[in-house]
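J.: The structure follows.
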Amino acid sequence: MEAHYPKYLLYCLLIAGSWLFSCLLHFQYVHLSLSSSFAAAPRRAALVVLPAALDASFLPAPAVEAADDDKRWSASSPVVAAASPSPSSSPSSSPPPPPPSCEGRYVYMLEIPSRFDMLRDCVPGSPLFDDMWSWCAITVNAGLGPKINGSAGGDTKTGIIIPSTGWYSTDQYALEVIFHNRMRRRYECLTSDPSAATAVYVPYYPALELHQHLCGYNATARDGPSQAFLRWLSSQPTWAALGGRDHFMVAAKTTWMFRRDPTGGDDNGGCGNNFLGQPETSNMTVLTYESSIWAPLDIAVPYPSYFHPSSAGEVSTWQARARASQRRFLFAFAGARRAKGQLAIRDRVFDVCESAAAARGTCGLVDCSHGLEGSITCRTAARLVALFASARFCLQPRGDSFMRRSSIDSVMAGCVPVFFHRASTLEAQYRWHEPAAEQGGGRRRRRYYVLLDADDVLEGRVDIEEELSRYSDEEVAEMREEVIRMIPRFLYRDPRVRFEFEGEEVMRDAFDITMDGVMDRMRRIKNGEDVTLKGVVDDGGDDAMAAARDS
């Protein structure tokens, strides 16, 4: 028997080991079961959103990081706001109702692959920020541009000095960046659930993409990149639901720059691309600086000016300053002539202003005609704001298209705009933002602009200075007050900060009003209603389609 002890001992060890191993497995099973039972509710409540450029079929468990090539702003972009809806946490419970302010206002923001990101090289420390020709500069301060030193300029005769806060050297084509930053940082109704969203926001930058080959390139160079993006976009699951009709985006140029006629014989020349002529974009709502009177789905929104306040107090302070400004000029103009007299109305405005300035000192002029120096001069906020704030009327003849950023700059300065084409008026273009859109409290809407017929001016039937001189001080004051009231509706607040209001009054800016319009439009589309704009003014016809450059 003693000889069998080692064998029995081995048997006992095997049996004990098997029992111990079984216990460990049983414990692990119980532990996992308990863990999964506690974690089940949150895991079901959270929607896992896979990167749009990846196929979910080959991905392992939910917590997968997308490849760098298919991630955009992943470190800084919130995926879902606190107000986002979530499915029920258990079969027997009901989801909490969403906040009333977000009912019908949820937006799902697509994640764009980095290969379509125009700012992918604009990383901290990059020398591109020091290159005056690089668009990285417009990304500074969330797209607002470099901050303006309040003591850096102004007009000592009028006392108009740009304040030390809220003013930036904003590029006129920066709205794509500003809008995206405002959406991802401050829009309270973002959701990670596409099925809960009223609209899908596409944070693509078509104007920046076009700007790198704006003019003189062949059709492939101008159209190819945006067509590749649209192919990607139309392959996404969000597109399938309504064929893109619930998608919207910002294109920070005038609509004409995206409507180059491919049959127009300019395949190897000219300017612009055919981004808005593609089948995909014909279904989307596209926000541009100037809308097409023939395209019902691209809507005009205001150019960004230089004023981006962080509180209602900054707005009211500036309004008071603009209201008190001494207007020593009857009228003013800032702009450039066109080569070979291509825009006769501009030449006439120049001639009238130069003559009035020399003979009577009644016109203030900033001439932007002298190449790079003139362009820089006309982008100097301090000089432009001081000029417009020292004039009663600001002349706004059409440029290469009907709308000009100068029109918005004049509003910011409390200067009554003078238009020469009906299609140039804020009333015709910016329907969501123009004061007629919101007239509450029984207040009678007052006229706030002057419209002179360009043909009458060119043919000598109307003299600009004589016509503007007919307005009494009281009439000008009433129009100016209406313009100053409009300032909040045409500015874009600083997207980096939570805006501070005074008391319970809420100040809605251009972004807020735009989102109101987009949400209403999307709800109507989903209800099968006609969203075609009514009463669009046809002024200029085919001349507008021939526009080759932005104003």
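The values are calculated or read from the model by the stated rules, or taken from the named source; none is laboratory data. None of these values were measured; they are calculated from a predicted model. Cβ sites come from the backbone with ideal geometry, for glycine too, and all protein chains shown count toward neighbours. With ligands, DNA and RNA removed, areas are computed over all heavy atoms of the protein, side chains included. Shrake-Rupley method; radii C 1.70, N 1.55, O 1.52, S 1.80 Å.
J.: Could you grab the pairs with beta carbons closer than 6 Å, sequence gap of 6+ or different chains, first residue in segment 485-504 and closer than 18 Å to Met515 by Cβ, second one in a strand (DSSP E or B)?
T.: Matching pairs, first to second residue: Leu491/Phe307.
J.: What is the one condition in (1) open to solvent by 20 Å² or more (accessible area, probe 1.4 Å); (2) at pLDDT below 90 that Gly277 does not satisfy?
T.: The failed condition is (2).
J.: Is it the case that Phe499 is open to solvent by less than 70 Å² (accessible area, probe 1.4 Å), in contact with a strand residue (DSSP E or B) (Cβ under 7 Å, 6 or more places away or on another chain) and aromatic (Phe, Trp, Tyr)?
T.: It is true that Phe499 is open to solvent by less than 70 Å² (accessible area, probe 1.4 Å), in contact with a strand residue (DSSP E or B) (Cβ under 7 Å, 6 or more places away or on another chain) and aromatic (Phe, Trp, Tyr).
J.: Among residues belonging to segment 101-158 that are farther than 24 Å from Glu188 by Cα and polar (S, T, N, Q), point out the one that is modelled with the highest pLDDT.
T.: Looking at residues that are farther than 24 Å from Glu188 by Cα and polar (S, T, N, Q), I get Ser114.
J.: Here is a follow-up. Filter segment 453-486 down to residues that are open to solvent by less than 50 Å² (accessible area, probe 1.4 Å) and on the phi > 0 side of the Ramachandran plot, then give me how many there are.
T.: Qualifying residue count for the region: 0.
J.: Additional query: Looking for whichever is touching a Gly at 6+ places or on another chain (Cβ under 6 Å) and farther than 17 Å from Ile487 by Cα here; the options are Cys378, Cys368. Which one fits?
T.: Sole residue among the options that is touching a Gly at 6+ places or on another chain (Cβ under 6 Å) and farther than 17 Å from Ile487 by Cα: Cys368.
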